[in-house]
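Below is one structure, written out as structure tokens; the observations come after it.
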Amino acid sequence: MTAESLISDAIVPLNPADTGEEALGVMNEFYIRHLPVVEEGELKAVVSEDDILDADALQPVSSYRLPVQPPSVFPDDHLYDVMRILTEYKLTVVPVINREGTYIGMITNEDLLRIFGESSTFSSQGSIVVLEVLRQDYSLSEISRIVESEGAIILSSFVRSFEGSNRLEVTIKVNSQSIAATLATFERYNYVVQASYNEKQLSDSLRERFDSLMNYLEV
């Protein structure tokens, strides 16, 4: 999935003559903290809520000190690139421009989160396993082989590293809710299983707690 397919047309960018107060109004309406500034179709800047609060909200945004090269993505950039820019610059919206610098639209963090939430990776029921491995021992193909040997497949994986350590934390989601045999196989191959979560059991547990709370409040 590319950035072009994530563009939202619900929010209009600022123009340089708009005041900080007007920008704050838009931000409050859409629950964001950043807005692109566009002049004659060209992306000029990205203004943040902090930029406005540190300046004079009654002044036009063109008077603020803003980075010369605002962060942005191209239409054919992958959604992972969009996520990287959001995280790296701590943004709530990412402008999309073409190779000539023409502004096309923006992507909000809410849009990105919704896309991830709607993907089969998150919407499909299954189980989550968290493994600990040494960096030199990490092999996704071997982990996948172990999972598949027990009749399941990996829907997604996430690897987390730790500064100053050769230890990796590998989180995988599998499509099976019966993972006892898989966990046993991991341990047989000397993997450290930090945690495991069966989504159905977790959902049932949360439902039981919610029902207990409702019963308590009705007493």
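The values are calculated or read from the model by the stated rules, or taken from the named source; none is laboratory data. What you see is a predicted model; the values in this text were computed from it and never measured. Note that each Cβ is placed from the backbone with ideal geometry, even for glycine, and that neighbours are counted across all protein chains shown.
A few remarks follow.
- Restricting the search to strands (runs of 3 or more DSSP E) fully inside the range 64-148 and requiring at least 3 residues that are in contact with a Ser or Thr (Cβ under 7 Å, 6 or more places away or on another chain) and in the same structural domain as Asn15 (by TED's automatic domain parsing) gives 93-97, 103-108.
- Tally of residues being under 13 Å from Ile107 (Cα atoms) and in a loop (DSSP other than H, G, I, E, B) across the range 19-32: 1
- Of Ser139, Ser212, all but one fail to be modelled with pLDDT of 70 or more and over 20 Å from the mean Cα position of the chain (by Cα); the exception is Ser139.
- Here Tyr103 fulfils each of the conditions (1) at pLDDT 90 or above; (2) aromatic (Phe, Trp, Tyr); (3) farther than 30 Å from Asp76 by Cα; (4) under 28 Å from the mean Cα position of the chain (by Cα) apart from (3).
- Residue check for Glu40: on the phi > 0 side of the Ramachandran plot and either surrounded by fewer than 17 Cβ atoms within 10 Å (Cβ to Cβ) or under 26 Å from the mean Cα position of the chain (by Cα) (or both): yes
- Residue satisfying all of: in the range 149-193; assigned to a strand (DSSP E or B) and small (Gly, Ala, Ser); surrounded by the fewest Cβ atoms within 10 Å (Cβ to Cβ) among these: Ser161
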